[in-house]
Amino acid sequence: MIIKHFYLDKIAHSSYMLIGNKISAVVDPQRDVTIYIEEAKRRGATISHIIHTHLHADFVSGHMDLAELTGAPVYVPKAAGCTFEHEAVVENDIIEIEDMQLF
């Protein structure tokens with residue numbers, strides 16, 4: 001498993017990709033989702049998960065575009081009360097990405 005950090009300096013935003021042999025997850029995606037699609041392609045992986053650690057009021061997220069382009073579900077804390085299509089997660093839920101488990 002590779003963890004790749006992306007940093008958008010203008011708004012001090014960090015996002016990450018968790019990249020396995022065949023699938024990957026994008027955590028807290030920035031608006032320009034092209035960088036994640038290109039990285040997954042370069043690594044020979046598909047984007048299978050989009051994960052928000054929390055809602056971001058300080059920037060526009062690319063989760064909707066990324067979900068549309070990849071078909072990957074968006075995982076969001078249930079407490080956020082999101083109205084867009086998503087997988088609501090709560091404490092002790094497990095998200096599996098190949099041999100890795102996120103709690």
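The values are calculated or read from the model by the stated rules, or taken from the named source; none is laboratory data. Keep in mind the model is a prediction, meaning the values are calculated, not measured. Heads up, the Cβs are rebuilt from the backbone with ideal geometry, glycines too, and the neighbour counts pull from every protein chain shown. Side chains are part of the model used for accessible areas, which takes the heavy atoms of the whole protein and leaves out ligands, DNA and RNA. Shrake-Rupley method; radii C 1.70, N 1.55, O 1.52, S 1.80 Å.
Some notes on this structure:
- Filtered by the rule that a residue be part of a loop (DSSP other than H, G, I, E, B) and of a type outside the set (A, V, I, L, M, F, W, C), the range 77-90 gives GLY81, THR83, GLU85, HIS86.
- Looking only at residues in the range 2-58 that are under 16 Å from GLY71 (Cα atoms), in contact with a Leu (Cβ under 8 Å, 6 or more places away or on another chain) and β-branched (Val, Ile, Thr), the one that is most open to solvent (accessible area, probe 1.4 Å) is ILE37.
- Listed by position, the strands (runs of 3 or more DSSP E) contained in the range 1-76 that have at least 3 residues being free of Cβ contacts under 8 Å to residues at least 60 places away in the same chain and within 24 Å of ILE94 (Cα to Cα) are 2-8, 13-19, 46-51.
- Among (1) outside any loop (DSSP other than H, G, I, E, B); (2) exposed (fewer than 14 other Cβ atoms within 10 Å of the Cβ) - the single one ASP93 does not satisfy: (1)
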